[in-house]
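To start, the structure itself, in structure tokens.
Read-outs throughout are calculated quantities, based only on the coordinates presented, and are distinct from any laboratory measurement. The structure displayed is predicted, hence computed values, not measured ones. Here the Cβ positions follow ideal geometry from the backbone for every residue, glycine too, while neighbour counts run over all protein chains shown.
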Amino acid sequence: MAQVLDIKGSLNNLPSDASEVSMFKWKKKSIWIILNATPLLYCSLVTGEYTAPYHSPSFLLVTNATRRQKEVVNLQGLFASHRELAEQKEKKTSREMVRLQSWMCPGEMTNGMTCGSINKNIIIHYIFISFLVFMVYISYHEFMTTPLVTSPETDDYKTTLLSFPAIAICSINRISWQSATELATNISKANITNQTVDEILILIMRLGNFYSYDFDTLSLTDNNYDVELDKLLTTYYNGTYDVTEIMKTLTPQCSMMLLKCKLHGKYTNCSTLFKFRKTPDGYCCTFNYVRESDDISEQNDVTELSKSKQVWDLGIERGLTVVMDPFLDDYFYSMLPIKGWKVIVFNPTDYPDMTSGGVTEVLAVPLSETFLNVIGTLFISNPEIKNFPRNKRNCIFPDEGKLLFNITMYTYSDCIVDCKINFIQKSCGCRPFFYPRHSIKDC
């Protein structure tokens with residue numbers, strides 16, 4: 001008879017969960033292996049010999065009853081040996097898992113970081129790199145659209161390398177009483193009208209509207225006066241007349257207005273320093289204005305510009321000083337409700353248009369001393385900029401105007417003024433007399 005050995009006391013070290021039963025042949029004894037069995041377990045009678053593969057060191061041994069219980073294998077020692085094998089296998093599995101985790105989460109075992117924190121850092125790095133790539137793309141796009149950058153180079157610059165600014169002195173009185181009376185007298189003596197000299201003077205005063213013509217306040221009576229003046233001048237000049245020449249004659253002359261001039265601490269003849277040139281306020285006395293002639297014809301021959309005067313030294317005594325006569329009794333048409341002069345400071349190569357920037361206006365009144373503090377800013381372009389196409393740099397060099405616009409120098413001020421002239425010409429078929437003339441009819 002076969003009996004079941006009570007090995008309850010030998011199974012105290014077995015795991016507490018039971019999940020599988022297997023058999024194997026060991027020393028010709030029939031053995032049941034109860035994998036992960038509970039210690040308190042009673043086995044059924046086993047007859048014959050059964051064979052099954054080995055799975056786990058935790059098992060329950062059953063033998064024939066013919067042998068004595070003391071001959072049963074010492075389960076404690078057997079359990080201990082198999083427990084060591086299980087621990088070695090578990091350690092091996094743990095090492096493999098560590099290698100797998102080390103491959104998936106680098107540095108995890110060295111600095112104590114978890115795999116979750118590693119993945120979080122990777123996401124942050126991806127976001128940061130994506131942001132950098134986006135910023136590089138934005139910078140590249142801006143460089144391709146606007147490749148030029150203006151930045152201050154230095155605050156220290158040699159005074160002798162600076163050009164003296166251009167100065168325009170314009171009398172507030174735009175039509176001289178003496179010149180207007182002389183013109184009215186000549187028209188009256190021509191016997192082309194029955195009007196008196198005073199009545200002709202009233203019509204001549206209408207020429208002052210060329211400086212500040214307000215179309216919104218223009219009335220039918222004003223229009224009638226303008227038509228009458230146009231007929232009178234047409235008859236007097238035997239046909240077409242030149243508005244520019246008439247306004248130049250009626251403007252107070254520099255030879256009478258400028259009394260003394262001093263430049264760089266030395267007194268100089270004013271006629272050698274000042275020229276009668278066009279400005280937005282009409283003809284004025286201009287100093288160091290090196291543009292081409294105000295009346296430029298459409299021709300291929302372009303005259304070279306004269307060189308602007310340089311700054312020798314700093315200080316009031318080393319600048320430009322002018323003593324002027326206001327001729328208060330000669331006022332006939334004033335563009336402002338005051339008496340005196342408008343002083344314009346601008347770039348020597350630019351037409352002094354206020355809307356183009358770089359122009360400063362100061363009012364000077366009689367019986368006073370007016371000082372102008374000038375701070376110069378010099379813009380320098382690297383020669384490499386010329387290699388960029390004009391549609392990329394959105395600017396042209398001054399010497400490129402000769403090829404593009406048939407003039408010696410072309411500046412930003414020229415661009416603004418040309419746009420104004422072209423708009424007025426398309427609208428009216430003429431241009432105001434105080435703008436530079438390019439074979440365009442005067443209004």
### Task
Return the FRET efficiency for the residue pair N224, E292: r is the Cβ-Cβ distance, R0 is 41 Å, and the value is rounded to the nearest 0.05.
0.55
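If R₀ is 25 angstrom, what is the calculated FRET efficiency for the pair F397 and C419, using the beta carbon separation as r and rounding to 0.05? Kindly include the intermediate steps, with their values, before the conclusion.
Numbers: r = 20 Å, r/R0 = 0.78.
Working from the Cβ atoms, E equals 0.80.
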### Query
What ranking do 252-263, 312-323 get when scored by the average of other Cβ atoms within 10 Å per residue, highest first?
252-263, 312-323
### Query
FRET efficiency for T370 and K275, Cβ-Cβ distance as r, R0 = 25 Å, nearest 0.05?
0.70
## Note on the structure
Percent of all Cα-Cα pairs per 5 Å bin for the range 170-213, counting from 0 up to the last occupied bin, reads 5, 22, 29, 21, 14, 7, 2, 0
### Query
What ³J(HN,Hα) values, in whole Hz, does the Karplus curve 6.51 cos²θ - 1.76 cosθ + 1.60 give for the range 233-241 when θ = phi - 60°, with x put for Gly and Pro?
5, 4, 5, 5, 8, 6, x, 5, 10
### Summary
So, with points 7 Å from each Cα along the Cβ direction, the T145-V345 label distance in nm works out to 3.7 nm
### Query
What is the packing order of peptides 177-188, 153-164, taking the mean over residues of other C-beta atoms within 10 Å and listing the highest first?
177-188, 153-164
